[in-house]
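> Quick one: structure below, then a few questions.
The values are calculated or read from the model by the stated rules, or taken from the named source; none is laboratory data. As the structure is a computational prediction, the values presented were derived from the model and not from experiment. No Cβ is skipped: glycine too gets one built from the backbone with ideal geometry, and neighbour counts run over all protein chains shown.
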C-alpha cells in the first residue's frame, strides 16, 4: 500500500469531485451573500466567511476519518445509531425552534442540527443489519426490522416538524432495492405517487371511474382473464388508495404543504404567496440564458429577489450567473459523483461497505434530485439543502462524514477478508 | 447476507440517476434557452431606468446678473405593479394627502400603465419630501424623481423671459425628446431657445433589490448615458434698467423698449401691467395663469412686441427724411400754418408761421407735414400718385416698419403700413394724397409696435441704419451670435445733412423754450426726442415718446408708449428721459420727477 497502511488507498476521483463541489458551492455562496465583489474572504459576520470556516473544519473531519481504522465504523454502527436516536429525542426536548422546526441545538452563537448526522448513522446501521449472514427479504422479520431502522429517525425528525429532512429517509428504498427488495415495491410506489397526483387534480371519482375502465379494458384480453383474482385485488386497493388520498390531502397535510402541492400542479396561482419562492427562482434561473449573466452579476440572486438564496435555493445563483452551462457542469459533477460511488460500492468485498456505499449514493441523490427539482418547479418546496453547496455547517459536515466514511471503507477494502 | 445476486440492479439505479439528471437538463434547456419571458421578467423586476434630467440653462443679463436659475424639486413617482403591502395611512399622513386622493392617483397611474412610472405627486420641496424620504423602503413601487423648476431672483421681465410648463400632448407628439411630465419653454426666451436651454437627458439603469432600494448601476453603467446640462444664455437686458422701467410703468398701461443703437441689443423691454414670473412656477402655476388670463388689463400680453399703435407725430421724422431724400423739400422749405384752423389737417396749437422743417419738427406742426406729404405723393418724377405712394411705401419699410425683425423677440407682430393694393381695394382705385392724408402725421391705417418705434429712435441715433433688435449676447461659452443679429440694415435715407437737420430739431424738443419735452432737459446729458400723441377712439389719447442720448455718441434709444395718458409730453417723455438718465448715469437726480411718475396711476384713478 503506497500511502501507508493507516490511510489505505482513498479514491482520488471521489475526493477531487468532493473538493470541486465544495469549492464551486462556496463561490456561489460568496456571490449570493457578499455585499460587494472583493469583499474580505474571512469576514465572519458574513455567510461566505462562516462557510469558509465550516469548509476548513470539514477537511479536518475528512482527514480524521481517513486516519480511523475502517473496522471502527462497522463495529460501532449500532452505537452511532443508538446515540443519534438519543440525540434526536434530546433535541425534541431541549432543542431550539428555527423557522418552525425544532431541530437545532444552540451552543452560544453556534447552532447544530443533529438531524443531518442521523443520516450517516442510519446508513451505517442499515448496512450493518443487512450485511448480517442470516437476513433476507424473504423473511417478514427482516422487512419490519428494516422499516424500524429507517422509520425511527424519520419519525423523530417528523416530530421536529422538519418534513423535508424526514422524507430523505425514503431514499433508502434504493438501497433495499439493490439488496433484493422486490422491484414491485418501487413500481407500486411510483404508481401510488401517480395516483396521488391525478387524484388531486381530477378528484377521486373520476380517477376511480378511470381505474374501472382500465380494468375492463384489461379483461378484453383473454390471457389476463385467468388472473382476475389478483387484478381485482389491485383494483380494490387502488380505489381505496384513491379515496384515502382525498382524506390525506385535506386532513393530514398542513395547509402550507397542501398549497405548495397545489401550486406545483398548477391548480392554484399564488405568485406572491406560496408560489413566490419557486416563481422567483424560476425567473432567476430562466434569465440566466446559455452562459449566464456572469459571476457577481446575478441581479436577482444578488438583490434578494430569491428567498433562502444561499441555503436551499443556492442552485438559482448558478442558474442565473452561470447559465445553462453552469447548471450542466453542476449536474454533471453530481452524476459523476453518484455513479462513481455506485461503481466503488460494487467493487467492495464486504457487503457492509457495499450497502453503506449505496446508502451514501441514495441520500446524496435524494438531496440533489429534490433540491434542484423544487427550484425549477418539478417538486413542491421541500426545505432540504443541496449537498456540499448550500450554506450551513451541520449539513456540510454531515455530508462530508457520510462520504468520507465510504471513501475510508473503500480505501481499506482489500483488508477486508 | 446472500451474495451479490442483485448486482445487475446497479444499472437500474444508475439509470435512475442519469434519467433524473437528463430530465433536469431538458427542463433547464427550456427554462433558460427557449423561453424568453424569464429574461424580460427579470429585467422588469430587478432593473429600473432612472432618467437623469439635465439642469436647464440659466439666463443672465448683460452684466452677468442672474435673471433665471433652477431650483430642485422632487416628483414622487409610482410604478403601480411594484406597490404592495404598504401602510397607506402612514403614507398619506407623511405626504399630507387624503386617502381619497391616494386612491385617485393610484387609479390614474394604473390606468396609464401598471409597469411604467407615473407622477404620483408633483413638485415636492426638499422639506416636503424629507419625512418620507428616510423610510422610502417601506413603500416599494414609489421613488423620487428630481426635477428643476425655474426661479427668478427679481420679479421682472416676465414676458420676455417667458415661462416653462409641462409639455402638452402636441409637444409630446412633435418631439420624441419629451416624455409625459417633462417641462418645456412655453413662451418668451424660454420657448425661443428651448433646444439650447433644455440640454440632453441622460439615463441610468440601476439594479434594485427586492425592497426596491437601489443597489448600484447595472453592468457598471455600460448602458448609461450622461445628461448634458442646457446652455446658459446671456441676454442684452440690463437688469437694473429693466427693473427701473417696470417701476416707472407701474399702474400704467403701455410699454418701454430701450435699445443700444450701435448693436440693436435690447436693454429693456417693459410691458405694463406685468406680473411676477415666479407666479407661473410650480404647483400654483395653473391657478395663477388662469387668474392672469382673465384679468381685464391683460397682464399676459406683451405690449412691447404685440401691441400695435399708430406712431403719431413720431412718424413725422420718417416723412421728413423721405421728403428730403426725394428732394421735394429742403431743410429751408417754408410752409405756413393756421393752427387749429388749418385745412385739411388741423394743427394742435397756434405757433409761428411760416416755418421751416426744423421748427416744424420741434413744434410738431401738422400743416407742415401734410404739405410735405402732399409733395411726396405728387412728386412729378413719378407718373402718378400710386407710383409715388409705392416709392414712399418702399422707403418706409426700410425703417423697419411693416415687417417683423425675425430675431429672438417672442410673439413679435409685423405692424402694418398700408399698401397700394390695400387703398385700391378700399377706394376702388380712386384715391390720392388727400385721401390718405392721415399718414402724413402718423395716424390712420398705419400701425407700429413699440419695438419698431425704439428701432426708429435707434435709426436716428445711428444716422441712417439699424441692427435688428435682439436679446442674445452669448450662448454657453460661445459668444458668437447668428450673423443676422449683427447685420447692418441701411435705410433709404443716408445723407448725413438730412439727419443733422432732423436731429437738431429733436434736440429742440428738449432744448427750445417751446420744445414739447423742455421740462425734461438735463444739463449733463444731451437728449434728442420726439413726442407723439395718438388719437384713440376708445378713450384718452395714447402718449408716445421716442428719444436717444447722448446726441453725439448715442448709447441708448428709447420708445415709450403710455396708453390713454393724454399728451406725449406729460407721461411718455419724462419716462423716456428718466430711462436715459438711469442708464447713462446709474443714478436718477430728478427725484421729484421720478416720484411723480412712480406714483402716477392711470389705471385705477379714472
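> Given (1) on the phi > 0 side of the Ramachandran plot; (2) in contact (Cβ under 8 Å) with a residue 60 or more places away in the chain, identify the lone condition not met by residue B:164.
(1)
> Let me ask something else. Tell me whether the stretch A:324-332 contains one or more residues that are out of contact with any strand residue (DSSP E or B) (no Cβ under 8 Å at 6 or more places or on another chain) and closer than 22 Å to residue A:122 by Cβ.
Looking through the stretch A:324-332, none of the residues is out of contact with any strand residue (DSSP E or B) (no Cβ under 8 Å at 6 or more places or on another chain) and closer than 22 Å to residue A:122 by Cβ.
> Further question on the same structure: Pull up the stretch B:21-33, narrow it to residues that are within 16 Å of residue A:330 (Cβ to Cβ) and out of contact with any helix residue (DSSP H, G or I) (no Cβ under 8 Å at 6 or more places or on another chain), then point me to the one that is surrounded by the most Cβ atoms within 10 Å (Cβ to Cβ).
Across the stretch B:21-33, the extreme among qualifying residues is B:27.
> Further question: Go over the candidates B:75, B:61 one by one and state the one that is under 24 Å from residue B:227 (Cβ atoms) and either touching a strand residue (DSSP E or B) at 6+ places or on another chain (Cβ under 6 Å) or more than 7 Å from chain A (Cβ to nearest Cβ) (or both).
Result of the check over B:75, B:61: B:75.
> Of everything in the stretch B:34-43 that's assigned to a helix (DSSP H, G or I) and at the interface with another protein chain (Cβ under 7 Å from one of its Cβ atoms), which residue is surrounded by the fewest Cβ atoms within 10 Å (Cβ to Cβ)?
Of the residues in the stretch B:34-43, the ones assigned to a helix (DSSP H, G or I) are B:34, B:37-43.
When the remaining residues are screened for being at the interface with another protein chain (Cβ under 7 Å from one of its Cβ atoms), the result is B:38-39, B:41-42.
On the way: B:38: 21, B:39: 16, B:41: 18, B:42: 23.
In this case the residue turns out to be B:39.
> Can you pull out the residues in the stretch A:275-293 that are touching a residue at least 60 places away in the same chain (Cβ under 8 Å) and either touching a helix residue (DSSP H, G or I) at 6+ places or on another chain (Cβ under 7 Å) or surrounded by 23 or more Cβ atoms within 10 Å (Cβ to Cβ) (or both)?
Correct list: A:278, A:281, A:282, A:285.
> Name the single residue that is farthest from the other protein chains (Cβ to nearest Cβ) among those in the stretch B:182-213 being touching a helix residue (DSSP H, G or I) at 6+ places or on another chain (Cβ under 8 Å) and within 20 Å of residue B:478 (Cα to Cα).
Checking each candidate, the answer is B:189.
> For a quick check of your reading: which helices (runs of 4 or more DSSP H) sit entirely within the stretch B:150-240 and have at least 3 residues that are exposed (fewer than 15 other Cβ atoms within 10 Å of the Cβ)?
Those helices (runs of 4 or more DSSP H) span B:169-174.
> Further question: Being out of contact with any strand residue (DSSP E or B) (no Cβ under 8 Å at 6 or more places or on another chain), farther than 21 Å from residue B:359 by Cα, outside the structural domain of residue B:309 (by TED's automatic domain parsing) and modelled with pLDDT under 90 is the requirement here; does residue B:540 meet it?
no
> Of all residues in the stretch A:245-258, which are surrounded by 15 or more Cβ atoms within 10 Å (Cβ to Cβ) and either touching a residue at least 40 places away in the same chain (Cβ under 8 Å) or more than 22 Å from the chain's Cα centre (by Cα) (or both)? Before you say what the answer is, go through the steps one by one.
First, pick out the residues of the stretch A:245-258 that are surrounded by 15 or more Cβ atoms within 10 Å (Cβ to Cβ): A:245-246, A:249, A:257-258.
Within the stretch A:245-258, A:245, A:246, A:249, A:257 qualify.
> Could you check the stretch B:258-287 and list, in sequence order, the residues that are in a helix (DSSP H, G or I) and surrounded by fewer than 17 Cβ atoms within 10 Å (Cβ to Cβ)?
Across the stretch B:258-287, the qualifying residues are B:286, B:287.
> Being in contact (Cβ under 8 Å) with a residue 60 or more places away in the chain, within 14 Å of chain A (Cβ to nearest Cβ) and out of contact with any strand residue (DSSP E or B) (no Cβ under 6 Å at 6 or more places or on another chain), is that true of even one residue in the stretch B:83-102?
Taking every residue of the stretch B:83-102 in turn, none turns out to be in contact (Cβ under 8 Å) with a residue 60 or more places away in the chain, within 14 Å of chain A (Cβ to nearest Cβ) and out of contact with any strand residue (DSSP E or B) (no Cβ under 6 Å at 6 or more places or on another chain).
> Something else about it: Can you tell me how many residues within the stretch B:1-33 are at pLDDT below 90 and more than 9 Å from chain A (Cβ to nearest Cβ)?
1
> What do you reckon, is residue A:42 more than 26 Å from residue A:340 (Cβ to Cβ), out of contact with any strand residue (DSSP E or B) (no Cβ under 7 Å at 6 or more places or on another chain), in a loop (DSSP other than H, G, I, E, B) and without any contact (Cβ under 8 Å) to a residue 40 or more places away in the chain? Steps first, please.
Values: more than 26 Å from residue A:340 (Cβ to Cβ): yes; out of contact with any strand residue (DSSP E or B) (no Cβ under 7 Å at 6 or more places or on another chain): yes; in a loop (DSSP other than H, G, I, E, B): yes; without any contact (Cβ under 8 Å) to a residue 40 or more places away in the chain: yes.
When the stated conditions are applied, residue A:42 passes them.
> Further, regarding this structure: Condition (residue is surrounded by fewer than 18 Cβ atoms within 10 Å (Cβ to Cβ), farther than 30 Å from residue A:355 by Cα and more than 19 Å from the chain's Cα centre (by Cα)) applied to the stretch A:53-73: is it met by at least one residue? Working first, answer last.
Filtering the stretch A:53-73 for residues surrounded by fewer than 18 Cβ atoms within 10 Å (Cβ to Cβ) gives A:53, A:56-57, A:59-61, A:63-64, A:67-69, A:71-72.
In the following step, the residues that additionally are farther than 30 Å from residue A:355 by Cα were identified as A:53.
Then keep just the ones that are more than 19 Å from the chain's Cα centre (by Cα); that gives A:53.
Within the stretch A:53-73 (the criterion being surrounded by fewer than 18 Cβ atoms within 10 Å (Cβ to Cβ), farther than 30 Å from residue A:355 by Cα and more than 19 Å from the chain's Cα centre (by Cα)), the answer is yes, since at least one residue qualifies.
> Can we say residue B:75 is assigned to a strand (DSSP E or B), touching a residue at least 60 places away in the same chain (Cβ under 8 Å) and surrounded by fewer than 18 Cβ atoms within 10 Å (Cβ to Cβ)?
No.
> Separate question: Could you count how many residues in the stretch B:129-144 are more than 22 Å from residue B:47 (Cα to Cα) and either in contact (Cβ under 8 Å) with a residue 12 or more places away in the chain or in contact with a helix residue (DSSP H, G or I) (Cβ under 6 Å, 6 or more places away or on another chain) (or both)?
Residues in the stretch B:129-144 being more than 22 Å from residue B:47 (Cα to Cα) and either in contact (Cβ under 8 Å) with a residue 12 or more places away in the chain or in contact with a helix residue (DSSP H, G or I) (Cβ under 6 Å, 6 or more places away or on another chain) (or both): 3 in total.
> Of all residues being at pLDDT 85 or above and outside any helix (DSSP H, G or I) in the stretch B:88-116, which is surrounded by the most Cβ atoms within 10 Å (Cβ to Cβ)? Just the residue, please.
This residue is B:97.
> Does residue A:242 satisfy the criteria of being touching a helix residue (DSSP H, G or I) at 6+ places or on another chain (Cβ under 8 Å), outside the structural domain of residue A:404 (by TED's automatic domain parsing), without any contact (Cβ under 8 Å) to a residue 60 or more places away in the chain and surrounded by 21 or more Cβ atoms within 10 Å (Cβ to Cβ)?
On the way: touching a helix residue (DSSP H, G or I) at 6+ places or on another chain (Cβ under 8 Å): yes; outside the structural domain of residue A:404 (by TED's automatic domain parsing): yes; without any contact (Cβ under 8 Å) to a residue 60 or more places away in the chain: yes; surrounded by 21 or more Cβ atoms within 10 Å (Cβ to Cβ): yes.
Against the criterion (touching a helix residue (DSSP H, G or I) at 6+ places or on another chain (Cβ under 8 Å), outside the structural domain of residue A:404 (by TED's automatic domain parsing), without any contact (Cβ under 8 Å) to a residue 60 or more places away in the chain and surrounded by 21 or more Cβ atoms within 10 Å (Cβ to Cβ)), residue A:242 qualifies.
> Could you grab me the full set of residues in the stretch B:537-564 that are in a loop (DSSP other than H, G, I, E, B) and within 17 Å of residue B:348 (Cα to Cα)?
Hits for the stretch B:537-564 are B:540, B:541.
> Moving on to the next point. Just need a number here: residues in the stretch B:214-238 that are within 14 Å of chain A (Cβ to nearest Cβ) and in contact (Cβ under 8 Å) with a residue 60 or more places away in the chain. Reasoning before the result, please.
First, pick out the residues of the stretch B:214-238 that are within 14 Å of chain A (Cβ to nearest Cβ): B:214-223.
The next check asks that each one be in contact (Cβ under 8 Å) with a residue 60 or more places away in the chain; those that pass are B:214, B:218.
Adding up the residues that qualify gives 2.
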